[in-house]
Amino acid sequence: MNTLRLYIKSIGMLLKSHLQYPSSFIMQTLAQLVMEGGEMMVVILIVDRFESLKGWSGGNLYFFFGIMSVSFYLTEMFGRGITGDFPSMVRTGRLDTFLVRPRGVLTQVLCGGTDPRRISCIAVGVAALIMGSNLSNIAWNPLKVLVLVESIAMSCLLILGLFMIEAIFCIFSVKSVELVNAITYGGRSACQYPIDIYPLPLRALFTVIAPFALTMHVPAAWIMDKPLYGWPIWTAFVTPLSGAVVFAVMTALFHLALRHYRSTGS
Amino acid sequence: MSYIEVKNLKKNFTVKKKHEKGKLLREKEIVNALKEVSFSVDKGELVGYIGPNGAGKSTTVKILSGILTPDGGEVTVGGIVPWKERKRHVRNIGVVFGQRSQLWWDVPIIDSYMLLRDIYRIPQGDYESRLKELTSALQLEELMRTPLRLLSLGQRMRAELCGSLLHRPQLLFLDEPTIGLDAVSKLALRDFLKWENNEYGTTIMLTTHDMEDIEALCSRVMVLGHGKKLFDGKLPDLLERYDTVRNVNIKYEGTITDLRLPEGVSCSHTEDGIELSYNPTKLPTSKFLGLLQEAGNISELTLQPQNTDHMIAAMYKELDL
Amino acid sequence: MPYFTVFKMRLRMELQYRGAMIGGIACQMFFGLILVALYRALYAGKPQSIPIESVATYVWLQQAFFRMMLASDSELVDKIRSGDIAYDMCRPVDMYGFYYARIMAQKLMGSLMRAVPMLIVAFLLPKGWGISLPASFLELLAALPALLLGLLCVCALENITVAFTMKTLDPRGMQGLLNLLMMTLSGNLFPLTLFPESWQKIITFLPYAQLLDAPIRLYTGEYLPQEAFRIYGIQAFWAVILIALGVSMWNANKRRMIVQGG
């Protein structure tokens, strides 16, 4: 609980420093809005030309897009320390100062960065979710809401976990960030569409290694009354937990990697 | 058993060599940053840790503060192995890195302190009294509402010190604390460190390139070079060994014809006359003065001992660092 | 020739980052694969008049030359942010030409070194997944000058972006917007050939379509070889306009900086 309070306070302080430059902040937030709007426009153009995708209606596609967008940008907003700032934390030696404080390193990294500009991307995602929900005629009930929340939360953990691969590479000062982007940003691009449109190797990748299919597609399909993979209904409640598993594994690896941290000379 | 115990400490780094033509992979090289370093420090000591760049000073401090895991040897600080019980260990230490900040850049420093209070879980009462004491000792009262980025270098260092001492650490590491500071700030900083050491018996270990820091503060000095401990003792004892050169400043009446000096005497002409330095053990002073007198009529002559920086440079040179 | 020297220097710098390049290629290949898979699935439901092979080719060429679009000179942006650009503005060479050469070297080398291995792999993929050869040699021949003209346009565009960012206090927001415009309207995000037909009439005339869309269409035969000179004409038109606009913006900035004293 104490940790959560610390996190909220830290984020509050970071917000304060972001707002020291209000015009820049507003401008960048708008730019983010247009960017994510552009991504959404692509889906609209696809629906306009192709109408449906392997049995998924336009509404379904918007819904998938919305879940991905909300999850991805929530992670970028609150997990900025991992998704964006970590390399600079290593380079500038901020990681050293984290290591000499009596708190978890990961906690401090997460406390050390936030990206409130992403709020506009999240707004686009929410709009897509609402649009998708209306067009797909989803009959909402408390259970479905719960599954949606679970799905988004677990997807966030999954995305955070995947970005931690980059952080781990960074600790070992390996410069292969672009390769990791394939699974993080590539995962976002691929998995904002239903997973079953992809050939087997890609499907396997996003089910077993970076299980977006489990945290996102299986529950979303159930919410839209279209079971995915033909799995039984209860799987929609269980499979999202794989996001937490990935996060736990990556956290363990992260701490293992810190033992080999070299710190930049001086 | 002493407060800090270091035995046979070893740390290696693998460094990638520059890419050679015709080879697909870069070759790696192992650099021994620390080779079997041992020492112990008692509570309340003020220890200076010196050595040329790349000697392993920072590596030692980083191991002692729990940032790095060593490759061999034993370290305990107050009975705790730093990298094994990092969180328990760092509660008792404060670290100030000269060139990096642990406070938040864009917010008033008081906000940073409040966050540090939460990070270290300092009870409110302790926090308030300690903050009051530190801000008055470091003359920070006026600056509490100023964002860090607007502070001068000297003010920033004081603010950093305050931040690293809020939780009353028993051990304070300072990595080149006076780098880039003006004379007034340096003196104030040294006074403060002495005060903190006297008042609370805080053990202080500092690395520096500024010998005046060591002279002013440290009863004990350790010299590190090539990853080995080369000296451990009092500063005067260290200097005695390398205090071999005397400086002479000399002025002649009118111009001089020829000043013939034996080898080993360095000579430079300045606006203020001629600066010479010689080694009394190799060239007896009486003989040296004789040579000077032969050259012309001396109007002024001052003889000075060598300054510390020169001695250290001579030491590094002799030890081939 | 200072412009040639700066060009050579950047080339050598680009060559140094081999590791990042290999990672970048793998990542870009992966994005290409995902996109082709997506369009194949879409085509399975509702085939379009443009054959899927052309769409796959379009995607691969876009991915291969992705680096050409990307704002390449982060050093330059840092210089603007820190204000160090003022020193550069006072050097005795034409700064527009200086940065034009620099950006061109980066874009050319960055994209060629990535494009060649990527295109080789893309050729090896099965038909309909990878890139297909053009119907005739003539089409390949027609596409090459268009690619070169496209490069001239994109360098001019980036210089305009830079000039813009020098004026605004916040380069990141502005750059984000201009980048998005480029990604969308150049066909990187979604092939221009799949945009609604009525939109295409306008979009294909805009400068962004001249960068890669025009050469790709010549390559896939969307534009016939006999149309080539008309296309070159449009591209050259934009290249001239964009360079003229860029030069005038840089000069205006220079005057402003001298007046302000840096």
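Considering (1) more than 10 Å from every other protein chain (Cβ to nearest Cβ); (2) in a helix (DSSP H, G or I); (3) not basic (Lys, Arg), the lone condition that B:GLN139 does not fulfil carries the number (2). Here B:GLU275, B:GLU300 are screened, and the one residue that is among the acidic types (Asp, Glu), touching a strand residue (DSSP E or B) at 6+ places or on another chain (Cβ under 7 Å) and either exposed (fewer than 12 other Cβ atoms within 10 Å of the Cβ) or touching a residue at least 40 places away in the same chain (Cβ under 8 Å) (or both) is B:GLU300. Quick check: is even one residue across region B:241-264 assigned to a helix (DSSP H, G or I) and surrounded by fewer than 17 Cβ atoms within 10 Å (Cβ to Cβ)? Yes, region B:241-264 contains at least one residue that is assigned to a helix (DSSP H, G or I) and surrounded by fewer than 17 Cβ atoms within 10 Å (Cβ to Cβ). Here region A:31-52 is the region considered, the condition is being under 20 Å from C:MET174 (Cβ atoms), at the interface with chain C (Cβ under 7 Å from one of its Cβ atoms) and among the aliphatic types (A, V, I, L, M), and the residue that is surrounded by the most Cβ atoms within 10 Å (Cβ to Cβ) is A:ALA31. Remark: pairs (first residue in region C:111-137, part of a helix (DSSP H, G or I); second residue among the hydroxyl-bearing types (Ser, Thr, Tyr); Cβ separation under 9 Å; 6+ apart in sequence or on different chains) = C:ALA122/C:THR57; C:PHE123/C:SER132. Of everything in region A:184-234 that is more than 16 Å from the chain's Cα centre (by Cα) and among the basic types (Lys, Arg), the residue that is nearest to C:ARG40 (Cα to Cα) is A:ARG203.
Rundown of residues vs (1) within 14 Å of chain A (Cβ to nearest Cβ); (2) touching a residue at least 24 places away in the same chain (Cβ under 8 Å); (3) under 22 Å from C:LEU141 (Cα atoms); (4) over 16 Å from the mean Cα position of the chain (by Cα), yes/no style:
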site	(1), (2), (3), (4)
C:LEU157	no, yes, no, no
C:ILE202	no, no, no, yes
C:PHE229	no, no, yes, yes
C:TRP238	no, yes, yes, no
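Selection of region A:55-109 for residues being within 14 Å of chain B (Cβ to nearest Cβ) and touching a residue at least 60 places away in the same chain (Cβ under 8 Å) yields A:VAL90, A:ARG91, A:GLY93, A:LEU95, A:ASP96, A:LEU99, A:ARG103, A:GLY104, A:VAL105, A:LEU106, A:THR107.
Whether any residue in region C:207-219 is part of a helix (DSSP H, G or I), acidic (Asp, Glu) and surrounded by fewer than 18 Cβ atoms within 10 Å (Cβ to Cβ) is what I want to check. Checked against the condition, which is being part of a helix (DSSP H, G or I), acidic (Asp, Glu) and surrounded by fewer than 18 Cβ atoms within 10 Å (Cβ to Cβ), region C:207-219 yields no hits at all.
For every residue, the table says whether it meets (1) at the interface with chain A (Cβ under 10 Å from one of its Cβ atoms); (2) closer than 19 Å to B:LYS186 by Cα; (3) modelled with pLDDT of 90 or more.
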{"residue": "B:LYS87", "(1), (2), (3)": "yes, no, yes"}
{"residue": "B:VAL90", "(1), (2), (3)": "yes, no, yes"}
{"residue": "B:PHE97", "(1), (2), (3)": "yes, yes, no"}
{"residue": "B:ASP106", "(1), (2), (3)": "yes, no, no"}
{"residue": "B:GLY125", "(1), (2), (3)": "no, no, yes"}
{"residue": "B:LEU143", "(1), (2), (3)": "no, yes, yes"}
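Can you find even one residue in region B:15-37 that is under 30 Å from B:ASN198 (Cα atoms), more than 10 Å from every other protein chain (Cβ to nearest Cβ) and modelled with pLDDT of 90 or more? Yes, because at least one residue in region B:15-37 is under 30 Å from B:ASN198 (Cα atoms), more than 10 Å from every other protein chain (Cβ to nearest Cβ) and modelled with pLDDT of 90 or more. Scanning region C:24-51 for residues being more than 9 Å from chain A (Cβ to nearest Cβ) and modelled with pLDDT under 90 gives a total of 4.
Here C:ALA244 meets each of (1) within 18 Å of the chain's Cα centre (by Cα); (2) more than 15 Å from C:GLY150 (Cβ to Cβ); (3) surrounded by fewer than 18 Cβ atoms within 10 Å (Cβ to Cβ) with one exception, condition (1). Among the criteria (1) touching a residue at least 24 places away in the same chain (Cβ under 8 Å); (2) at the interface with chain A (Cβ under 7 Å from one of its Cβ atoms), the one B:ILE67 does not fulfil is (1). Checked against the criterion of being more than 21 Å from B:TYR3 (Cα to Cα) and in contact (Cβ under 8 Å) with a residue 12 or more places away in the chain, the candidates B:SER185, B:SER219, B:SER164 yield just one match: B:SER185.
Checked against (1) part of a helix (DSSP H, G or I); (2) over 29 Å from C:PHE98 (Cβ atoms), C:GLU222 passes all but a single condition, namely (1). Candidates C:PRO134, C:PRO126, C:PRO145: the one that is of a type outside the set (Asp, Glu) and farther than 17 Å from C:GLU53 by Cβ is C:PRO145. For region A:143-180, a residue qualifies if it is of a type in the set (S, T, N, Q) and surrounded by fewer than 21 Cβ atoms within 10 Å (Cβ to Cβ), and the qualifying residues are A:SER173, A:SER176. Applying the condition of being of a type in the set (A, V, I, L, M, F, W, C) and in contact (Cβ under 8 Å) with a residue 60 or more places away in the chain to region B:70-85 and asking which residue is farthest from the other protein chains (Cβ to nearest Cβ) yields B:VAL75. In the condition set (1) within 11 Å of chain B (Cβ to nearest Cβ); (2) buried (at least 20 other Cβ atoms within 10 Å of the Cβ), A:THR114 is compliant with all but (1).
The values are calculated or read from the model by the stated rules, or taken from the named source; none is laboratory data. Predicted model only: the values in this text are computed from it and were never measured. When we count neighbours, we look across all protein chains shown, and the Cβ atoms used for this are built from the backbone with ideal geometry, even at glycine.
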